[in-house]
1. Can you tell me the order of 109-119, 37-47 when each peptide is scored by its average per-residue count of other Cβ atoms within 10 angstrom, highest first?
2. Round to the nearest 10 and report in Å² the accessible area of Ser93, as given by a 1.4 Å probe over the protein chains' heavy atoms.
3. Using a 1.4 Å probe and counting only protein heavy atoms, arrange Asp122, Asp89, Asp167 so the residue with the most accessible area comes first.
4. Would you mind checking which residues have amide H under 5 Å from Gly26's amide H? H placed 1.01 Å from N; only 5 or more apart, or other chain.
5. Over the heavy atoms of Ile105, what accessible area does a 1.4 Å probe trace out, to the nearest 10 Å²?
6. Whole-Hz ³J(HN,Hα) for each residue in the range 69-83, computed from phi via Karplus 6.51 cos²θ - 1.76 cosθ + 1.60 with θ = phi - 60°, x for glycine and proline: what do you get?
7. From the P(r) of the range 102-177, could you give the percentage of C-alpha pairs in the tail past 14 Å?
8. With a 1.4 Å probe and every protein chain left in place, tell me how much accessible area Leu162 has, in Å² to the nearest 10.
Amino acid sequence: MNVKQDEERGPMGGPGGRRIVAGVSGSLGSLTALHRATAEARVTGAELWAVLAWEPPGGEISHRGGPCPAPMAAWHRMANERLLTALEDAFGSAGPEVPLKCLVIRGKPGDALLAAADRPDDLLVVGAGARGRLRRAVWPCVARYCVARACCPVLAVPPSPLHHALDAVHRRNAWKLPLDARGLAD
């Protein structure tokens, strides 16, 4: 797959056509959102921007005193690899068949996505993810953050029904419960 990779820290809006910005983390929810963003780009003739945000382990605060360049380069390289793996998982070797730009941005996911989708005519597509009280308390929701602060329309894609079925199978396996195969054939 032939994609262009960039890392930018400032405003990313420049001259050009309509953009569909998709948040990518490699999770099933983000891959579902990436497919939806690709469909939107195909219908509207827009350019697809796949954005992956990364932070150093321990967050930015632990590296304020001047991080060592070698680990930062390694973490950036791993983020690039994670983005390319997610694109490969989503589209295979054929690619999305729409104009694609890949961005790997150092920062919090919500801030990185808002920096990429900085024009009013952009469309920001994020995975909504399965949310419960415990998850909301422990992990912040990137989709909610983006909906509350974006200057462009935001499309929060709910998880696929297959995702729920897969989670149920994983839970059954974790508890070593027997699996009823009849329910899988329906």
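The values are calculated or read from the model by the stated rules, or taken from the named source; none is laboratory data. Nothing here was measured: the structure is a model prediction, and the numbers come from that model. Ideal geometry is used to build each Cβ from the backbone, glycine not excepted, and the neighbour counts take in all protein chains shown. Remember, those area values only see protein heavy atoms, side chains included, never the ligands or the DNA or RNA. Shrake-Rupley method; radii C 1.70, N 1.55, O 1.52, S 1.80 Å.
1. 109-119, 37-47
2. Solvent-accessible area, nearest 10 Å²: 90 Å².
3. The most accessible residue leads, giving Asp89, Asp167, Asp122.
4. Close amide H contacts, sequence-distant or interchain: Leu31.
5. Accessible area of Ile105: about 10 Å².
6. x, 5, x, 4, 5, 5, 5, 5, 4, 5, 5, 4, 5, 5, 5
7. 68 percent
8. So the heavy atoms of Leu162 present about 130 Å² to solvent.
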